[in-house]
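The values are calculated or read from the model by the stated rules, or taken from the named source; none is laboratory data. Not measured: the values here are computed from a predicted model. Note that we place each Cβ from the backbone using ideal geometry, even for glycine, and neighbour counts take in every protein chain shown.
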């Protein structure tokens, strides 16, 4: 990044609605000036901005292996996200990044990887899954398992992609919803309970978790019960991101700045800051 304070112009290449309540939209962005393009890794994030509306952090949902665009999924909640939802293809907004650290890709080589997610927090984990399953990388990793849950089917993101992954033989996909609805023939139950039911092996296993705080809170003890050491469990504190460069201090937890030292932390690190778990 040439200037950490200066947003780079990016053009909206494609937009589509993810959820049946229309609160989740996905954006593919392309750099106006190709010289601004940068390398990034799964787990990192960017600041998106619209003049007069504000700026906020969003996890990168695209994989470094996907070229020509950067993908973000936005939940419509306040002024900026509402303005983003009203964008049309071809419009230009600002982007700062890449920011933060990333999932421990090097540590995962030769290991089994379990991805656990809930709601629209699948964004950076989608980046990770696509990266691991890319033909150029797939041979470097063992079994890959995805456990993903939402309140109901219509709130799941990347549904078309999930259907394709279910048919692949290089990734194991388990989809769950909170309560049974007509026509649903997959798993039913909260993510922590479903994770315990599936009971992925902790042998040579590393877990990447991202989701609502309540999901993470009850999933981490399940993973410990299944035998995963805290050093092999990673989660994201992206919700605490603020300025993205460790200047404003609003993301501070203990001795850490989430936007500078994170947002990806191991459970072993978080156990030293109990109020954050």
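If you filter region 260-277 down to residues that are under 19 Å from the mean Cα position of the chain (by Cα) and either assigned by TED's automatic domain parsing to the domain that holds residue 117 or modelled with pLDDT of 85 or more (or both), you find that the one that is farthest from residue 227 (Cα to Cα) is 261. Scanning region 102-120 for residues that are under 23 Å from residue 55 (Cα atoms) and at pLDDT 95 or above returns a single hit, 102.
In region 218-232 there is no residue matching the filter, namely being over 17 Å from the mean Cα position of the chain (by Cα) and modelled with pLDDT under 95. Only a single item in (1) over 19 Å from residue 168 (Cβ atoms); (2) touching a residue at least 60 places away in the same chain (Cβ under 8 Å) is not met by residue 117, and it is number (1).
Might you let me know whether region 122-143 holds any residue that is farther than 18 Å from residue 64 by Cα, under 15 Å from the mean Cα position of the chain (by Cα) and touching a residue at least 40 places away in the same chain (Cβ under 8 Å)? Looking through region 122-143, none of the residues is farther than 18 Å from residue 64 by Cα, under 15 Å from the mean Cα position of the chain (by Cα) and touching a residue at least 40 places away in the same chain (Cβ under 8 Å). For residue 227, the test of being within 17 Å of residue 213 (Cβ to Cβ) and out of contact with any helix residue (DSSP H, G or I) (no Cβ under 7 Å at 6 or more places or on another chain) is failed.
Residues in region 9-22 that are in a loop (DSSP other than H, G, I, E, B) and more than 17 Å from the chain's Cα centre (by Cα): 3 in all.
In summary, residue 21 fulfils each of the numbered conditions (1) more than 30 Å from residue 132 (Cα to Cα); (2) without any contact (Cβ under 8 Å) to a residue 60 or more places away in the chain with the single exception of condition (2).
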